[in-house]
Amino acid sequence: MILQKDQALKFEVEVTGHPKPDVQWFKDDTKLKTGKSLKIEKKENIHSLTVPKTTLSDAGTYKAQAKNAAGEVDSTCSVNIQGNIFCM
């Protein structure tokens, strides 16, 4: 996925299972949590990660990991952020 700097970035995954899986989000293998620059939400079986305004440092590999007693499954996406281009 390629985005321009300052664009919004949003990932959504639908997760079902029994027992109910725990979903965690990662960027470049670092666990993410809701903060000033990103938002993690859950609505029924839909889990989402949103970065409202991307910066160049938001580029990387994102992963949603669902895990329960029966096992785990991952979904990954690579993101490139392009900066402003100026022509003279």
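Data table
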read-out: Given (1) of a type outside the set (D, E, K, R); (2) over 24 Å from Gly83 (Cβ atoms); (3) surrounded by 13 or more Cβ atoms within 10 Å (Cβ to Cβ); (4) over 10 Å from the mean Cα position of the chain (by Cα), index of the condition Ala64 fails; value: (4)
read-out: Test: Ile46 is more than 12 Å from Trp25 (Cβ to Cβ) and of a type in the set (A, V, I, L, M, F, W, C); value: yes
read-out: Filter result for Asp6 (open to solvent by less than 40 Å² (accessible area, probe 1.4 Å), in contact (Cβ under 8 Å) with a residue 24 or more places away in the chain and among the acidic types (Asp, Glu)); value: no
read-out: Enumeration of residues in the range 1-55 that are closer than 24 Å to Ala69 by Cβ, charged (D, E, K, R) and assigned to a strand (DSSP E or B); value: Glu14, Asp22, Lys31, Lys42, Lys43
read-out: Criterion violated by Pro19 - all others in (1) open to solvent by 60 Å² or more (accessible area, probe 1.4 Å); (2) in contact with a helix residue (DSSP H, G or I) (Cβ under 9 Å, 6 or more places away or on another chain) satisfied; value: (2)
read-out: Matching residues in the range 22-32 - criterion: being open to solvent by 40 Å² or more (accessible area, probe 1.4 Å) and either polar (S, T, N, Q) or over 16 Å from Gly60 (Cβ atoms) (or both); value: Asp22, Gln24, Thr30
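The values are calculated or read from the model by the stated rules, or taken from the named source; none is laboratory data. For clarity, every value in this text was computed on a predicted model and none was experimentally measured. Neighbour counts are summed over all protein chains in view; Cβ atoms, including those assigned to glycine, are modelled from backbone coordinates with ideal geometry. Calculation scope for accessible area: heavy atoms of the full protein, side chains included, ligands and nucleic acids excluded. Shrake-Rupley method; radii C 1.70, N 1.55, O 1.52, S 1.80 Å.
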